[in-house]
Amino acid sequence: MHIIIQFIGALVVAGFTFVWFTVDLQTSMHGSQGKDPPKFVSNSLDIKFALVPAGKFTIGSPDAELHRNADKSQQEIAITRAFYLGVFEVTQGQYKKIAGTKPSFFSANGAGKQRVDKRDTSSYPVERVSWHDAVAFCQKLSTTEGKTYRLPTEAEWEYSCRAGTTSVFHYGNNFNSTLGNINGLVYSSYGKETAGPFFRATVKVGEYKPNAFGLHDMHGNVQEWCAD
């Protein structure tokens, strides 16, 4: 499965990091005994989470899949506990509220400010944060709210991205930059799709259709850190 497609040239992407946060289901379900958990919950920062149910899936991609990585052999994985995953990539505004900094390249004061043309990027994904920065964000938010926040494992992330599908992308076997924010010039299309636009920057979270679990930007925009 092609989980992530880089949205811009390798020179810039090489400097980027990516964040995605989960909240433990047990600490989010106060008073809900005997009831089905809600499909969506929000916290004090207005970060919205979607319920990802327990289940089994096949991680990796088949040998015949075009452009697959050699280390992505398939195996069945069981996700034994439901959890909540952020509906959107953590935004610059949310990151600043907790970490106190705004490190993003694509921001008003970032090195890529010309590419966002003075736009308010508070709802754009935070980028240029290290794995340690992402973990520290989760830890600080956990302390602030008294709930457990963490990065998803790689298996949890792919399971969430697939959302029950077995195709190359959760959209299907065809993909271009009308379905996710990718470099439409270099990665113009996959399958039978034609080339799409190339924005040369990140875009506001939630600009593209979600997958079956209600999660946005699982393909494109920024790459995302996992716990492992």
Exercise for the section: At q = 0.15, 0.21, 0.23 Å⁻¹, work out log10 I(q)/I(0) for segment 112-185 with the Debye formula, treating every Cα as an identical point scatterer and leaving solvent out; two decimals please. Expected result: -0.88, -1.11, -1.11
Completion exercise
Note on segment 20-164: contact order normalised by length, alpha-carbon pairs under 8 Å, 6 or more apart, percent, works out to 27 percent
Completion exercise
Using the Cα gyration tensor of segment 20-164, the equivalent ellipsoid's semi-axes, largest first and to the nearest Å, work out to 28, 24, 13
Practice task
Place a +1 charge on the Cβ of each Lys and Arg in segment 20-164 and a -1 charge on the Cβ of each Asp and Glu, then give the dipole magnitude about the Cα centre in debye, rounded to the nearest 20.
Solution key: 540 debye
Handout entry: Per-peptide average of other Cβ atoms within 10 Å, ordering 117-125, 201-209, 189-197 highest first
Key = 201-209, 117-125, 189-197
Handout entry: Karplus (6.51, -1.76, 1.60) ³J(HN,Hα), θ = phi - 60°, over segment 124-131, in Hz, Gly and Pro reported as x
Key = 8, x, 6, 9, 6, 10, 7, 4
Handout entry: Too-long pairs where the Cα-Cα distance tops 25 Å, listed order kept, from K102/K204; K39/K113; K39/K147; K48/K97; K35/K209; K118/K140
Key = K39/K113; K35/K209; K118/K140
Handout entry: Prolate/oblate/rounded label for segment 101-228 (Cα gyration tensor, a/c 1.5)
Key = oblate
Exercise for the section: May I ask you to order 148-156, 77-85 by the average number of other C-beta atoms within 10 Å around their residues, highest value first? Expected result: 148-156, 77-85
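Quick note: the coordinates plus some simple rules give every number you see, no bench work behind them. Nothing here was measured: the structure is a model prediction, and the numbers come from that model. Cβ coordinates were reconstructed from backbone atoms using ideal geometry, including for glycine residues, and neighbour counts include every protein chain displayed.
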